[in-house]
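Undergrad: Here you go, one structure.
Please treat every number below as a calculation from the coordinates, not as lab data. Just so it is clear, the model here is predicted, and its values are computed rather than measured. Please note: Cβ atoms are built from the backbone with ideal geometry, for glycine as well, and neighbour counts cover all protein chains shown.
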């Protein structure tokens, strides 16, 4: 498990590069000077030094087939958000994982109890209801398919047990067609699918530019 997680972190570093740019979604307007438009952050409540915790619910089948997925998604998401959202801090993900392992009924707890456990004012809750790397109905083709519901809870808000923000995140990688299966390709597709999922999720939390088509 440790080797695969280390492999993922190395791949993520190589993918984002020293500048923190996402090579999967390299801005076309940078390369070709296309016109752009500014997209406002959908939720701005992560900035300002508020400590946040990322907690992910998964289906049993996901944990069995991809035991490192939950940790790798959380680490990638924290890195993607920190590269764009000023002054945010995250609870150590090992502490979150330990809490989930020691409290198997954690998903039934009030969000305020979970946030208080980590002294967090923001709780980023992901319900990862699909995580597959094999093309549907095929044993020999690979394509990452990640789908999750996202809620953010504000522990210091007026209604801390009701989400202050919610959305759905979907990633299909490679987007246009699956690729032939191999052990090396399977790890590469998983790493890049998670990296793209993290980047796509992080975009919800900061202003950014997109190329006009």
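Undergrad: Ranked highest first by average number of other Cβ atoms within 10 Å, how do 184-190, 199-205 line up?
TA: Values: 184-190: 16.0, 199-205: 21.0.
Listed from highest to lowest mean packing, they are 199-205, 184-190.
Undergrad: Whole Å is fine, so just give me how far the alpha carbon centre of the range 121-162 lies from that of the range 36-87.
TA: If we compute the Cα centre of each part, the gap is 9 Å.
Undergrad: Can you give the FRET efficiency to the nearest 0.05 for residue 42 and residue 130, using r as the Cβ-Cβ distance and R₀ = 30 Å?
TA: 0.85
Undergrad: Can I ask one more? When the convex hull of the Cα atoms of the range 99-148 is projected onto a plane and the area is averaged over all directions, what value comes out in nm²?
TA: Orientation-averaged projected area of the Cα hull: 4.9 nm².
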